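The values are calculated or read from the model by the stated rules, or taken from the named source; none is laboratory data. If you're wondering where the values come from, they're calculated on a predicted model, not measured in any experiment. Every residue, glycine among them, receives a Cβ derived from its backbone with ideal geometry; neighbour counts consider all protein chains shown. Heavy atoms of the whole protein, side chains included, go into the accessibility calculation; ligands, DNA and RNA do not. Shrake-Rupley method; radii C 1.70, N 1.55, O 1.52, S 1.80 Å.
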Amino acid sequence: MSDTEPAASDAVPPVRTLAVIGAGSMGHGIAQTAALAGITTILHDVDQPAVDRGVAGIEAGLARMVARDRLSADERDATLGRLHATTDIQAAAGADAVIEAAPERLALKQEIFARVDALCERAIFLASNTSSLSLQAIAASTARPERVLGLHYFNPAQVLPLVEVVSPLTVDPAAVDAAEAYCRATGKTPIRVQDTPAFVVNRLFVPFALDAIRLLESGVASAKDIDRACQLGVAHKMGPLATCDLSGLDVLLDVADAMRAETGDARWNAPTLLRRLVSAGRLGRKTGRGIFDYSEVG
Ligand SMILES: NC(=O)c1ccc[n+]([C@@H]2O[C@H](COP(=O)([O-])OP(=O)(O)OC[C@H]3O[C@@H](n4cnc5c(N)ncnc54)[C@H](O)[C@@H]3O)[C@@H](O)[C@H]2O)c1
């Protein structure tokens with residue numbers, strides 16, 4: 001079989017109702033992708049303002065698609081009709097599958113997985129969008145570790161096509177097939193990866209991004225020029241510092257700290273500048289300012 005051929009069999013059960021846990025940067029994008037693909041989508045967050053921001057983000061995303069003639073007004077309305085945003089986790093009970101996109105903290109994710117495992121009896125797979133945590137450790141909090149795997153989307157999830165499908169040793173291959181089929185059904189391109197720290201993309205990108213911040217910190221070049229160097233010198237679409245701002249500097253710091261703890265390798269040490277920016281609330285685009293200033297971007 002070639003790398004591009006779908007591995008899932010025809011017998012893979014489809015996901016008709018998806019529950020997304022966490023309506024932040026990633027959760028709302030994952031929910032938008034699902035609802036657009038015709039899937040009834042429950043978007044849950046513990047925080048009502050986060051639910052509201054998530055829905056507003058989806059509405060704005062769909063409005064942009066309509067303005068660019070990529071979606072009709074009727075399709076937009078139908079997509080929004082399939083979206084059910086709520087602070088009540090009970091709404092996830094009937095879901096065929098769950099994707100969790102809550103903050104990158106193991107204890108929190110374990111608590112959520114224990115809850116959805118008990119609640120979503122018919123779920124074919126329970127996926128985490130974790131960037132760096134062990135899926136096996138998350139799976140251990142459930143009574144059905146064979147259903148637990150990683151679906152690692154990239155930011156913005158409604159735009160970027162890649163999903164890393166992460167298989168812990170405990171997962172049933174049928175759940176992996178179902179998750180991969182789900183990704184394809186929603187227009188994504190899955191790649192299969194083992195449950196190793198930071199998988200493929202972050203394993204390569206995060207140390208590179210931390211080095212870019214170290215270059216900035218030591219005054220080697222300006223932020224603009226560091227990004228320009230990567231764009232014009234090695235044909236990156238976006239510079240590493242702008243990418244950090246897009247992902248969220250808090251998210252980057254969480255990944256760096258988790259990887260440092262897991263591997264003990266000094267290349268994951270977070271630069272002081274990154275810690276200072278996060279503690280000052282300069283988290284990137286989502287707060288209007290990070291390494292760059294977006295206050296006039298709107
Ligand atoms: N931001 C990125 O670039 C990116 C990329 C890939 C993966 N991830 C991963 O996705 C996950 C979410 O990241 P994000 O950037 O969307 O974070 P975020 O802070 O934007 O959103 C997290 C949301 O989870 C909610 N939440 C907290 N506790 C909850 C609970 N118990 N139940 C339900 N919701 C809860 C918060 O209110 C918040 O709205 C993390 O694991 C992160 O590592 C992030």
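Computed across segment 17-194, the Kirkwood hydrodynamic radius from all distinct Cα-Cα pairs reaches 15.9 Å.
A crude spin-label estimate for the pair Val200 and Thr272, with each label 7 Å from Cα along the Cβ direction, gives 3.8 nm. Summing Cβ point charges (Lys, Arg +1; Asp, Glu -1) relative to the Cα centre of segment 202-287 gives a dipole of roughly 200 debye.
Each residue was assigned an accessible area with a 1.4 Å probe, and for His236 the value is about 70 Å².
Largest first, the three principal axis extents of the alpha carbons in segment 202-287 are 34, 27, 23 Å in whole numbers. The calculated FRET efficiency for Ser222 paired with Arg105, based on their beta-carbon distance and R0 = 41 Å, is about 0.75. Dipole of segment 202-287 (Lys/Arg Cβ +1, Asp/Glu Cβ -1, origin at the Cα centre): which of Leu232, Ala266, Leu249 lies farthest to the positive side? After comparing all options, I get Leu232. Measuring between their Cα centroids, segment 191-263 and segment 84-127 lie 29 Å from each other. In the chain, the DSSP beta bridges split such that about 20 percent are antiparallel, to the nearest 5. Of the solvent-accessible surface of segment 189-271, computed with a 1.4 Å probe over protein heavy atoms with every protein chain present, carbon and sulfur atoms account for 57 percent. Evaluated at q = 0.12 Å⁻¹, a Debye calculation over the C-alpha positions of the chain (equal weights, vacuum) places log10 I(q)/I(0) at -0.80. If you sort the three axes of the alpha carbon gyration tensor as a ≥ b ≥ c, you get a/c of 1.5 or more for segment 66-119 and a/b above b/c, which makes it prolate. Relative to the longest principal axis of the Cα atoms of the chain, helix 106-119 runs at roughly 10 degrees. Between segment 26-73 and segment 157-178, what is the separation of their alpha carbon centroids in Å? After rounding, the separation between the Cα centres reads 21 Å. Under 5 Å from the amide H of Phe125 lie the amide H atoms of Val98, each residue being 5 or more positions distant or on a separate chain, with H modelled from the backbone and absent for Pro and chain starts.
Thr189 contributes an accessible area of around 80 Å² to the protein surface, as traced by a 1.4 Å probe with all chains present.
For the set Val98, Val220, the ranking by accessible area, highest first and with no ligand, DNA or RNA atoms included, is Val220, Val98 under a 1.4 Å probe. Bridges between two residues of segment 150-251, per DSSP, are antiparallel at a rate of about 40%. Counting only DSSP beta bridges with both residues in segment 17-194, the antiparallel share comes to about 15 percent. A 1.4 Å probe, protein heavy atoms only, puts the accessible area of Phe205 near 50 Å². Using C-alpha pairs below 8 Å separated by at least 6 residues, the relative contact order for the chain is 14 percent. Based on Cα contacts under 8 Å between residues 6+ apart, segment 202-287 shows a relative contact order of 32 percent.
Quick one: if the Förster radius is 45 Å, what FRET efficiency do Ala60 and Ala143 give, using the C-beta to C-beta distance and rounding to 0.05? E between Ala60 and Ala143, to the nearest 0.05, is 0.70.
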